[in-house]
1. Based on this model, can you work out whether ASN47 counts as at positive phi and outside any loop (DSSP other than H, G, I, E, B)?
2. Please specify each residue of the stretch 68-89 satisfying the condition of being farther than 21 Å from ALA14 by Cβ, modelled with pLDDT under 90 and touching a strand residue (DSSP E or B) at 6+ places or on another chain (Cβ under 7 Å).
3. It is to be established whether one or more residues within the stretch 90-97 are among the hydrophobic types (A, V, I, L, M, F, W, C), closer than 19 Å to LEU7 by Cβ, assigned to a loop (DSSP other than H, G, I, E, B) and at pLDDT 90 or above.
4. Residues to consider are ALA5, ALA18; find the one that is within 20 Å of the chain's Cα centre (by Cα) and within 24 Å of ILE78 (Cα to Cα).
5. In the list LYS8, LYS58, which residue meets the criterion of being surrounded by fewer than 10 Cβ atoms within 10 Å (Cβ to Cβ) and on the phi < 0 side of the Ramachandran plot?
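The values are calculated or read from the model by the stated rules, or taken from the named source; none is laboratory data. Quick caveat: nothing in here was measured; it's all calculated off a predicted structure. With ideal geometry, Cβ positions are generated from the backbone for all residues, glycine too; neighbour counts draw on all protein chains shown.
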Amino acid sequence: MSMVATLKNAVNTAFFKAGDLVKIGTLSDRSVTSYDFSTGKTIGVENTLEREVILFTKKLPNGAGWSIDGMMKSGVNIDAYDTLTVEGVVYNITNIEDDDFSINLYLSKEKG
């Protein structure tokens, strides 16, 4: 088995063994197509994609609050999406790292 196949298999195994830590997240991107002046609202198209995701929270040093990160399997172009919704909570995707095996997401909770 090649090293690439071994690493992809390890990521799949990790997600399987993570059990209930794995959640279904919805990636979303809303493209505005026009503006309705009578209602004052934008009109657009929303693209969505559901993917398995594991969320991590960690305390930042010096009492600077908390950081929220996520991880999902590679295989989707994350650049096309700007938010991730997990269990009704909307997170803005602020940065991504894709090493062709897993995708690390850096998130900020959307105020609302």
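1. Values: at positive phi: no; outside any loop (DSSP other than H, G, I, E, B): yes.
No, not satisfied.
2. Correct list: ALA80 only.
3. Just the residues of the stretch 90-97 that are among the hydrophobic types (A, V, I, L, M, F, W, C), to begin with: 90, 93, 96.
With closer than 19 Å to LEU7 by Cβ added as a condition, the list becomes 96.
With assigned to a loop (DSSP other than H, G, I, E, B) added as a condition, the list becomes none.
Checking the stretch 90-97: not a single residue is among the hydrophobic types (A, V, I, L, M, F, W, C), closer than 19 Å to LEU7 by Cβ, assigned to a loop (DSSP other than H, G, I, E, B) and at pLDDT 90 or above.
4. Details: ALA5 fails: within 20 Å of the chain's Cα centre (by Cα).
Exactly one residue qualifies, and that residue is ALA18.
5. Details: LYS8 fails: surrounded by fewer than 10 Cβ atoms within 10 Å (Cβ to Cβ).
After applying the criteria, what remains is LYS58.
One line per residue, one yes/no per condition, for (1) among the acidic types (Asp, Glu); (2) out of contact with any Lys or Arg (no Cβ under 7 Å at 6 or more places or on another chain); (3) not in a strand (DSSP E or B):
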site	(1), (2), (3)
THR6	no, yes, yes
VAL11	no, no, yes
PHE16	no, yes, yes
GLY25	no, no, no
THR39	no, yes, yes
ARG51	no, yes, no
ASN62	no, yes, yes
ILE68	no, no, no
VAL76	no, no, yes
